[in-house]
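Colleague: I'd like to ask some things about the structure below.
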Amino acid sequence: MNGGNGSFAVFKLMHRAMLIGQLLFLGVLFSLAYLDVWKSPLASADRIFQVLAIVVCGTLFFIGNHLFKKRCAALKNDPFISAAEKFEQYRFANIIQWIFLEGAALFACICFFLVGNQVYLVLGSLLVFLFILQAPGKTKTMLQAGLSMSELEELL
């Protein structure tokens with residue numbers, strides 16, 4: 001997919017698919033924990049997991065944001081890249097950011113599952129909410145990738 005022909009729709013669909021996967025995983029773990037199908041095996045290690053979850057989730061979130069911003073800045077400052085190439089690189093930067101954010105959310109959910117503390121569930125839900133805020137939009141793409149409206153319309 002090199003721009004056009006529904007690639008923006010595929011881009012949005014990819015975000016939705018990743019979101020649905022996170023929500024399903026969160027829902028299954030929540031159901032297992034609260035239907036007493038699964039007992040938390042590491043409840044005694046709650047303190048260790050609290051520190052670990054904050055460090056891992058925070059690190060993944062900030063690395064993903066840093067890489068995304070770095071790639072977007074490079075796109076805006078390079079006048080020799082075509083609009084189609086800018087869109088492809090922008091899409092790649094988004095996917096990298098989403099992977100890091102999804103990894104953080106899934107890690108928090110796994111911590112909830114292993115320890116049983118609802119704080120991890122809240123952390124995982126917050127990260128999923130941040131993932132929702134990262135949904136692609138035409139205006140957002142135009143501003144972050146450094147594309148003009150006419151270039152973006154040509155690609156879509």
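Laboratory data are not the source of any read-out in this text; all were calculated from the coordinates shown. Nothing here was measured: the structure is a model prediction, and the numbers come from that model.
Colleague: Using the alpha-carbon centroid of each, what span in Å lies between segment 54-92 and segment 112-128?
Modeller: That distance is 28 Å.
Colleague: If the cut-off is 26 Å between C-alpha atoms, which lysines fall inside it for Lys138, apart from same-chain ones fewer than 8 positions away?
Modeller: Candidates past the 8-residue exclusion: Lys12, Lys69, Lys70, Lys76, Lys86.
Colleague: Mean-square fluctuation check for the chain, GNM, Cα pairs under 10 Å: which of Ala105, Ala145, Ala74 is largest?
Modeller: Between Ala105, Ala145, Ala74, it is Ala74 that shows the largest mean-square fluctuation.
Colleague: Oh, and also: Report the convex hull volume per residue for segment 33-156, counting only C-alpha atoms, in Å³.
Modeller: It is 99 Å³ per residue.
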